[in-house]
Amino acid sequence: MARCQSADTCLSAFLEKKSSVNTAFDRMDEQKLKCGYGELGVCCRLCSNGPCRVTPDSPKGVCGATADAMVARGLLRAVAAGSACYLHVVESTARRLKAIATGESPVRLRAEGALDELARQLGVSGGSVLEKAGNVADAVLADLYRPRHEAMTLVKRMALPKRAQTWEKLGLLPGGAKSEVFDALVKTSTNLNTDPVDQLLHCLRLGICTGLYGLNLTNLMNDVIMGEPEIRVARTGFSVVDPDYVNIGVIGHSHSVFAGLIQYLETPAGQQLGLVKGAKGIRLIGLTCVGQDMQLRAAGSGGAVFAGQAGNNFTQEALIATGAIDLVITEFNCTLSGMEPIAASMKTKLVCLDDVCKQTSSELIPDRYGHELELGQRLATLAADQYAARRGGVTIDIPVHGYADVVTGVSEKSLVKLLGGSLEPVIALVKNGTIKGIAGILGCSNLAAGGHDMTTVALTRELIKRDILVLSAGCTTGGLCNTGFCSPAAKEWAGPGLRAVCEQLGIPPVLNFGPCLAIGRIEIVVNLLAEAMGLDIPQLPVVISAPQWLEEQALADGCFGLALGLTLHLAQPPQILGSPVVTKVLTQDLEQLTGGKVLVELDPVKAANALEAVIMAKRAALGLEVPA
Amino acid sequence: MNYVIIGGSAASTAAAREIRQRDPGGRIRLFTRDPAFYSRCQLHLLASGHRQVAQANFLPHAWAERFRIEVFHDDAVTGIDTGQQRVRTSAGREAAYDRLLIATGARTALPPVAGLAGSRTFGFRDLADAEALRAALPGGGRLVIIGAGLVGCELAAELARDGHRVSLVEMAPHPLPLQLEAETGALAASLLSAAGIDLHCQDRVARVERDAAGLPVAVHLASGTALPADLMVVAAGVKANTELATGVGITTNRGILIDRQCRTNLPAIFAAGDVTESEDVIVHQIMPSAIWPAAVRQGQVAGAVMAGDTDSLARNTGLRASVSLCGTSVVAIGPVNQATADHWTKRVYRYRNSRGHRCVKIFFTDGCRLKAAILWGEITNAGVYGEAIINGRDIHDEQIVMPDLDGARRGIAELSIR
Amino acid sequence: MKTKIIDRSRCVGCKNCELACIVAHSPGGQLAGAYAAGIDKAVRARTKLEVDGDGKRFPQFCRHCAHPACVDACMSGALEKRADGLVICDPDRCVGCYMCVMSCPYGNARPSMGEAQIMIKCDACTDRACMACVAACPTGCLKVGEGTEAVVYNVVG
Ligand SMILES: Cc1cc2nc3c(=O)[nH]c(=O)nc-3n(C[C@H](O)[C@H](O)[C@H](O)COP(=O)(O)OP(=O)(O)OC[C@H]3O[C@@H](n4cnc5c(N)ncnc54)[C@H](O)[C@@H]3O)c2cc1C
Ligand code: SF4
Ligand code: SF4
Ligand code: SF4
Ligand code: SF4
């Protein structure tokens, strides 16, 4: 029995100390024996004749489905579910924007400038701010709700024209996003579609729905509602928690769900609730991506009531085990079920705002449009009451953890601003070889690929050593912040070229874009680079990696990357290796279609070599210098 | 103790090994007419040249040294003196024995057909036969194989695969008449024909036409068909090598009669393998058992008993065959053809497995007992059926038609053989 | 000696033993590569989960018999009962006559698939530290212990 290790050694040490608490790090060992059929994707549970498993002795399911059909079906189902998750987020964000526009919601828009830009991009007009906001929301919702045979209209306004042409040629322009998900479920039911290639194309369409709507439009609308990211320095890690405050942990992906709570806590009345219980006030503690979003936009909203980002998905159980969290609010994933017994033992109250993440022991208090401030007040009161009821009865033990000088607030716009108004300086550095290329290190953390954040950290270290600039979004960046990669001192780990750039611009070698939703922002940066250089995306010396991808959403994100024509590295393969056809299409043939391909490599050094080789090949094709 | 073993094949070597394991000090001498140890079952591979003699050795490396067996190759025993308890050999050796094993096997039986005996007619039992055929093949002529039993079919398929022009003649209505019934027999016929073999069933060789030099010209069949022939291989039955035994008062019928301890009617003399006749446990008849595993098992029992131990032929049968016909695996167990005429129930299960292979399973049952089975195309678990047949295990009717084992396996987990 | 102890009452029918055996005998020995050339070319497990006549799951493993019928049947000398008690097939000597398949009373001598026409059987993972099937069994149905035989079925359930 060995506890799973983290690249974040402070976290490992803390878990060691809290050995009486059962966390995912302990359960990993109990679950270490994997089912190979599941890993290969060749177990089908779709009908009552099953489950069917493919072996040389039983090469087909009862229905006749081959390994290829089972694997493709399984992958499309997973991508559809992942896409559905992000579409849920964009839908609720658009509905909030709409509620604000109609005056139903008391939430105030924090970035009207961002609204103008978004409306312009989407080709939406409107006399007043609110009218414009309403029209933007309507345009997004109309696309989401379209039937499958009607192409979504905003796709061509969001995508690079060259990309849109490629997609059109390949039949990848998606119909209504929710209908695409719906029909993916139809297709993957039993005795329906068994053509692996058709299913993989559907995955790519869902990737486009995910990327342009689930990611980008969510970000852009949340920028309007919650304020735009600004580059600044912040603290991350468990040390952001001050036990003298009423502490509310936040888990989820929808920043604007917290609009009412933040707005309320920003008022003296809000803080007073805590003060009367003897605390110094009430603060939010970031966990998972919604915390990243709060950190990203702290300049525009909630800066005073947001203590900081504590850690990524798999740190939540440990954070609750510190005893310093009075209330945990969840509104989406990554809500780990394992937190429940720990919360019970720490008398931490669990509240969920959306039944999509309801837990057995959490109280469901639905977030209703128009009632955001009431909700905020109710949550603040619950937190303060819980503080009063539990403090004294629990031991609080917060480790010294994290970094105080994390550079945050990077977005497609704040980056351009930092560079003086355009991406030209970066382009010049790439062209002259000071920076060989750019790698997006994206997505989740898992405990599987070497341990918590292990591969993410090792791969990032290898890439920056090779003078490859790293842009990170999602739980990867949560981990990278807590291991020092987003602090200026990390320049010491970079190669000479990248280090010089870091020194010149005062940035770390890893740029922290925040939540996984900001994978969309990184892809906008890629779009902008392609536009500025007059190239298509597959030509750029840019790669992406989701080294420690965890769930279905990551697969949907990955499909967007593939549709964009990027080389996507994964440390662990999705459950596809039982199918030679699916494996070959994704790792080879797709490059002829969209320009993208999947590259699987568990070893971080080998992965970095492979990614560097891709970058070098693209440089060579562009006639750029290829440093030895 | 002096042991003399006549023969250098399946039964004889198995006996030698069993003796040595029980009698570390005994002297074991083994005389064989063969020039080397080789597996007869691979003769077709030697004839086609796909295997060499050295590869066909079925014994472990340094077998004779390891078990301290004195082996005399190319040395046939020419006579037994039962009074003196000694044997004489063609090389002029004499060897005294306390225990003697006769495991001389069988040889090709030439049917009494006019013109058959003569040049370019080969038997197919010994290395010499395979080598002679191999030497004659490059002539590129027409080959007629007489007899579509296991040996004839395997040889025909092997040579046709290499592009030789092969005709195969069989008296019965279909190939492998002892192993297959009509339906699977027809499948076998179509497989062989598809492999390019010119198959003539339900026909008989009436005479062989030879030219003035005595070389074959054509094989004339009873039906009137004439098959042009340059080479002929006879694979239409064998005759046990009982000559040594008959002269000295050992009881023989089609073979040397042995009991369950492999004893002949003479006290110090044992026999095993294709030279014998013994009681078959499936049909309860005294009959020859012309298969390798039976010869090995009889050799083992003979060896153990010769060395003073006890053992018994509890599971003795020759009614089992496994054959690969042009890539299709077939196993037949039990008296499948006797069954058709009998009061047994015949159940046929035809299917195509998901690898695309055509498969047939045929079961013959007597009440709830499995009596015989033919597995065509998919032979995994054949031994489990064999076990049920040999042990007279109960089978549940509704289960036997399933492609799987179910009934046949009932209780096998707890079963221990021997 | 090392004994594989099988308690069939604990078998849940997950077939992980089969897959582990396939992987252990695949070129490369990795799960990722086991089906890479397509299921028709994948190697076959040396073991099989069967259903017994009593309707219960029966993980069918070679017993490395004291008197192996497969060895008696082998006309090429490929199969051997070794001094260490294991019954091992030498694939270079095997001619694929399947006399052993016909003879193994338990169905553990099996025709190959995806490989040359030879027999395949359990080799007790002699080239690995731990038997792959045992390591993959999540229920404790398969265990390794000390004993006098290579394989023991605990006759319960
Ligand atoms: C081509 C062919 C393919 C076959 N394929 C199969 C198969 O796939 N499966 C199967 O089960 N069976 C098969 N058989 C049958 C199998 O070979 C025999 O059942 C088996 O060899 C019998 O073994 P044995 O020891 O009794 O006799 P044999 O193998 O016939 O050996 C007899 C031995 O005695 C020696 N000998 C004979 N007379 C004397 C003498 N006077 N002095 C000294 N030595 C003497 C011979 O040289 C030989 O060494 C096949 C046979 C042939 C010919
Ligand atoms: S293959 Fe069958 S006969 Fe051979 S040792 Fe294994 S269980 Fe026994
Ligand atoms: S298939 Fe191979 S191992 Fe089995 S009996 Fe034939 S030669 Fe021996
Ligand atoms: S011991 Fe090894 S060879 Fe035998 S069944 Fe288990 S995995 Fe297969
Ligand atoms: S791995 Fe264990 S539980 Fe699973 S099928 Fe095999 S023996 Fe049964």
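The values are calculated or read from the model by the stated rules, or taken from the named source; none is laboratory data. Treat the numbers as computed from the prediction; the structure is a model and nothing was measured. Cβ sites come from the backbone with ideal geometry, for glycine too, and all protein chains shown count toward neighbours.
Scanning segment C:120-157 for residues that are within 16 Å of ligand 2 (Cβ to nearest atom) and hydroxyl-bearing (S, T, Y) gives C:T126, C:T148, C:Y153. Taken over segment A:14-43, the residue count meeting the criterion of being modelled with pLDDT of 95 or more and over 26 Å from the mean Cα position of the chain (by Cα) is 2. Evaluating B:G8 against the criteria (1) of a type outside the set (S, T, N, Q); (2) facing chain C (nearest Cβ under 10 Å); (3) buried (at least 22 other Cβ atoms within 10 Å of the Cβ); (4) under 27 Å from B:D309 (Cα atoms) leaves one unmet condition, (2).
Within segment C:144-157, being within 22 Å of C:G107 (Cβ to Cβ) and either in a loop (DSSP other than H, G, I, E, B) or more than 13 Å from every other protein chain (Cβ to nearest Cβ) (or both) holds for C:E149, C:A150, C:V155, C:V156, C:G157.
Residue under question is C:A124, and the condition is that it be away from ligand 1 (no atom under 16 Å from the Cβ) and either part of a helix (DSSP H, G or I) or in contact (Cβ under 8 Å) with a residue 60 or more places away in the chain (or both); does it hold? So that I can check it myself, show each step before the final result.
Numbers: away from ligand 1 (no atom under 16 Å from the Cβ): yes; either part of a helix (DSSP H, G or I) or in contact (Cβ under 8 Å) with a residue 60 or more places away in the chain (or both): yes.
So C:A124 passes the test.
Does segment C:54-65 contain any residue that is hydrophobic (A, V, I, L, M, F, W, C), under 29 Å from B:N353 (Cβ atoms) and more than 16 Å from ligand 5 (Cβ to nearest atom)? Looking through segment C:54-65, at least one residue is hydrophobic (A, V, I, L, M, F, W, C), under 29 Å from B:N353 (Cβ atoms) and more than 16 Å from ligand 5 (Cβ to nearest atom).
All of C:P111, C:P105 fail the test of being away from ligand 3 (no atom under 13 Å from the Cβ) and either at the interface with another protein chain (Cβ under 10 Å from one of its Cβ atoms) or modelled with pLDDT of 95 or more (or both), apart from C:P105.
When each of A:G38, A:G82 is tested for being more than 14 Å from every other protein chain (Cβ to nearest Cβ) and either without any contact (Cβ under 8 Å) to a residue 24 or more places away in the chain or of a type in the set (G, A, S) (or both), the lone residue that passes is A:G82.
The residues of segment C:84-93 that are assigned to a loop (DSSP other than H, G, I, E, B) and either crowded, with 23+ Cβ neighbours inside 10 Å or at the interface with another protein chain (Cβ under 10 Å from one of its Cβ atoms) (or both), listed by number, are C:D90, C:D92, C:R93. In segment C:128-135, the count of residues that are away from ligand 5 (no atom under 16 Å from the Cβ) and within 14 Å of chain B (Cβ to nearest Cβ) is zero. Tell me, yes or no, whether segment A:439-449 has at least one residue that is over 23 Å from the mean Cα position of the chain (by Cα), farther than 27 Å from A:F25 by Cα and touching a residue at least 60 places away in the same chain (Cβ under 8 Å). No, that holds for no residue. Inside segment C:32-83, residues that are aliphatic (A, V, I, L, M) and facing chain B (nearest Cβ under 7 Å) make up a count of 4. Checking each residue in segment C:4-31 for being of a type in the set (G, A, S), under 23 Å from B:N353 (Cβ atoms) and either within 16 Å of ligand 5 (Cβ to nearest atom) or facing chain A (nearest Cβ under 7 Å) (or both) picks out only C:G13.
Looking at C:G96, C:G77, C:G114, which one is away from ligand 1 (no atom under 16 Å from the Cβ) and small (G, A, S)?
None of the others qualify; the one that does is C:G114.
Tallying residues that are buried (at least 20 other Cβ atoms within 10 Å of the Cβ) and within 14 Å of another protein chain (Cβ to nearest Cβ) within segment A:586-617 yields 3.
Of the set (1) within 15 Å of ligand 4 (Cβ to nearest atom); (2) crowded, with 17+ Cβ neighbours inside 10 Å, all apply to C:C100 but (1).
Taking segment B:95-131 as the range and being free of Cβ contacts under 8 Å to residues at least 24 places away in the same chain and more than 14 Å from ligand 1 (Cβ to nearest atom) as the test, the residues that pass are B:P112, B:A117. Just one of the listed residues (B:G115, B:G152, B:G92, B:G147) is crowded, with 21+ Cβ neighbours inside 10 Å, on the phi > 0 side of the Ramachandran plot and more than 16 Å from ligand 3 (Cβ to nearest atom), namely B:G147. Among the residues of segment C:3-42, the one identified as among the acidic types (D, E), within 16 Å of ligand 4 (Cβ to nearest atom) and surrounded by fewer than 24 Cβ atoms within 10 Å (Cβ to Cβ) is C:D7. Being touching a residue at least 40 places away in the same chain (Cβ under 8 Å) and farther than 16 Å from A:M221 by Cβ, is that true of even one residue in segment A:106-120? Within segment A:106-120, one or more residues are touching a residue at least 40 places away in the same chain (Cβ under 8 Å) and farther than 16 Å from A:M221 by Cβ. Of all the residues in segment A:98-134, those that are in contact with a helix residue (DSSP H, G or I) (Cβ under 8 Å, 6 or more places away or on another chain) and crowded, with 18+ Cβ neighbours inside 10 Å number 17. Listed conditions (1) within 14 Å of another protein chain (Cβ to nearest Cβ); (2) surrounded by fewer than 15 Cβ atoms within 10 Å (Cβ to Cβ) are all met by B:F58, apart from (2). Only helices (runs of 4 or more DSSP H) whose full extent lies in segment A:312-421 are considered here, and none of them has at least 3 residues that are of a type in the set (V, I, T) and within 22 Å of the chain's Cα centre (by Cα). Among the residues of segment C:1-48, those that are of a type outside the set (S, T, N, Q), within 16 Å of ligand 2 (Cβ to nearest atom) and part of a loop (DSSP other than H, G, I, E, B) comprise C:M1, C:R44, C:A45, C:R46. No other residue among A:L382, A:L415 is crowded, with 21+ Cβ neighbours inside 10 Å and among the aliphatic types (A, V, I, L, M) apart from A:L415. Among the conditions (1) more than 10 Å from chain B (Cβ to nearest Cβ); (2) under 30 Å from B:L150 (Cβ atoms), C:Y98 misses just one, which is (1). In segment A:522-628, counting only strands (runs of 3 or more DSSP E) that sit wholly within it, the ones holding 1 or more residues that are touching a Phe, Trp or Tyr at 6+ places or on another chain (Cβ under 9 Å) span A:567-570.
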